[in-house]
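Worksheet for the structure shown next.
The values are calculated or read from the model by the stated rules, or taken from the named source; none is laboratory data. Please read all numbers here as calculations on a predicted model, not as lab measurements. We place every Cβ from the backbone using ideal geometry, glycine too, and count neighbours over all the protein chains shown.
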Amino acid sequence: MTNSTVLAIDLAERWQGFWNGSFGVWILERGVRIALLLIGGLLAARFINWAANRIVRRIDAEYQESDQLVRTESAKHRQAVASVISWVSVAVLFVIVIVEVTDVLAVPVGSLVAPAAVLGAALGFGAQRLVQDLLSGFFIITEKQYGFGDLVSLTVAGIAAPAEGTVEDVTLRVTKLRSTEGEMFTIPNGQIVKTVNLSKDWARAVIDIPVPTSADLNLVNDILHGVAEKAMEDPGLNALLLDAPQLMGVESIELDTVNLRMVARTLPGKQFEVGRRIRVLVVRALGRAGVVSADGQSPMVEAIVHPATAGGAEEETQGTSEQQK
């Protein structure tokens, strides 16, 4: 025999001996199963995320292809539910893989009961906030307090100024908001103590109009009624308004001015745009009629926007941390 043949036979015997040894048998009987479980779990998690993203993209495509100016409440809720279900499914899959791996490794579960109880108690005290976030997120989703694309103002515990922005993601643990300046707020759900949804069902723009006390209020009322009629004839405003703006009359009386108020119901989240456009119409109409403020300048029109539900009352949902009590 040549040296190469002897070397090949020796390597074959060593290779066969390795797989017949204890380590090789462990790899064949347990190692391969563990590797398949881990790879299968990873592929399943990627499939869940892919399916959730596909559902979200389909909802977005339905909205973009339609002639709707705003998302429907059901679309917002479906998008939030898809995100939560994918997150929960991945977490459950992770637990199942861990349990199966411990079963393959023949870990004595009975002997781990006492240490697990101690560890569970320690984690229970240390992870109270995490559990609070998860429960709060559950109530946010099930109660439909807000969904993807909603414009909200969230009062956070320990922070004076509310966090305002558009909801970009909702999970059981956190809510992500994009502010008007482009900043991303990540807020734990358990820290939210009050929710104000600015785009729930419909919204309301409130425009306060100060006029001098010397002005003829009857003339001003006629001018503002004309502005309301013109707003409904405006193609840009007509698509955003649910009904004609209403003149509420005198709101307050000050030393030199009388404040009149006009309100308009709008599509969800469109109250700011409607308020700006109506302000322009009011200023132009009063300027043409010669109605000026007490200092001789054009009237300053202040717009206030009020979020409202279909019943017409401002929705201020108390945080789920209070619900848990």
- line: Checked region 171-203 for anything among the basic types (K, R) and in contact with a helix residue (DSSP H, G or I) (Cβ under 6 Å, 6 or more places away or on another chain); matches are R173
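Each row is one residue, and each column tells you yes or no for (1) at pLDDT below 80; (2) out of contact with any strand residue (DSSP E or B) (no Cβ under 8 Å at 6 or more places or on another chain); (3) crowded, with 19+ Cβ neighbours inside 10 Å; (4) polar (S, T, N, Q).
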| residue | (1), (2), (3), (4) |
| --- | --- |
| L242 | no, no, no, no |
| G275 | no, no, yes, no |
| L286 | no, no, yes, no |
| V291 | yes, no, yes, no |
| A313 | yes, yes, no, no |
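Residues of region 150-171 being buried (at least 20 other Cβ atoms within 10 Å of the Cβ) and in a loop (DSSP other than H, G, I, E, B), which ones?
At the first step, the residues of region 150-171 found to be buried (at least 20 other Cβ atoms within 10 Å of the Cβ) are 150-152, 154, 165, 167, 170.
Hit for region 150-171 is D150, nothing else.
Step by step: first the residues of region 172-217, then only those that are charged (D, E, K, R) and within 15 Å of the chain's Cα centre (by Cα), then the one that is surrounded by the fewest Cβ atoms within 10 Å (Cβ to Cβ). Which residue is that?
Taking region 172-217 first, the residues charged (D, E, K, R) are 173, 176, 178, 181, 183, 194, 200-201, 204, 208, 216.
Of the ones still in play, those that are also within 15 Å of the chain's Cα centre (by Cα) are 173, 176, 178, 183, 194, 200.
Working: R173: 17, K176: 16, R178: 14, E183: 10, K194: 15, K200: 26.
In this case the residue turns out to be E183.
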